[in-house]
1. Mind counting the residues in the range 11-41 that are over 17 Å from I89 (Cβ atoms) and exposed (fewer than 14 other Cβ atoms within 10 Å of the Cβ)?
2. Quick one: what pairs do we get from the range 21-39, first residue touching a residue at least 12 places away in the same chain (Cβ under 8 Å) and among the β-branched types (V, I, T), second assigned to a loop (DSSP other than H, G, I, E, B) and surrounded by fewer than 20 Cβ atoms within 10 Å (Cβ to Cβ), C-beta under 6 Å, 6+ apart or different chains?
3. Name the pairs whose Cβ atoms lie under 7 Å apart, with the first residue in the range 74-87 and within 21 Å of G36 (Cα to Cα), the second among the hydroxyl-bearing types (S, T, Y) and buried (at least 16 other Cβ atoms within 10 Å of the Cβ), and 6 or more positions between them or separate chains?
4. Against the definition (under 30 Å from S90 (Cα atoms) and surrounded by 12 or more Cβ atoms within 10 Å (Cβ to Cβ)), how does I65 come out, yes or no?
5. Would you please name the residue that is modelled with the highest pLDDT, looking only at residues in the range 41-68 that are within 22 Å of the chain's Cα centre (by Cα) and of a type in the set (G, A, S)?
6. So which pairs qualify, if the first residue must be in the range 40-59 and touching a residue at least 40 places away in the same chain (Cβ under 8 Å), the second must be not small (G, A, S), the Cβ gap must be under 7 Å, and the two must be at least 6 apart or on different chains?
Amino acid sequence: MTDFNDMLQKAKQMQQKMKEAQDEIKNIQVEGVSGGNLVKVILTGDYELKSIFISENAKKESQEIINDLIIAAYNNAKENLKKKSSEEISKITGGINLPFDFKFPS
């Protein structure tokens, strides 16, 4: 029975570490760019858009192109955040690939 109790204890420890990692990830900020740095966005770990920078050169473009550049920069930031989140979780789990939003059963 000690093996089962040991497994439960390790699972609880992992659950606590995952919660800590998820809290840390919320504080991460990543940058996304598009159009050769015409547009830059800053995204937080919980996918909140913090800022948008549109260069003067981008402002000369049509509204449709500016919109596309903003979307592309956001998508770039989202990918960067996924990579950064996976790296943080990997540190905690010792390389086990768990999704950022993985929830242990209570």
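1. 3
2. I25/G45; I28/G45
3. Going by the 7 Å Cβ cut-off, the qualifying pairs are N76/S34.
4. It is false that I65 is under 30 Å from S90 (Cα atoms) and surrounded by 12 or more Cβ atoms within 10 Å (Cβ to Cβ).
5. S51
6. G45/I25; G45/K26; G45/N27; G45/I28; G45/L81
The values are calculated or read from the model by the stated rules, or taken from the named source; none is laboratory data. What you see is a predicted model, and the numbers here were worked out from it, not measured in a lab. Heads up, the Cβs are rebuilt from the backbone with ideal geometry, glycines too, and the neighbour counts pull from every protein chain shown.
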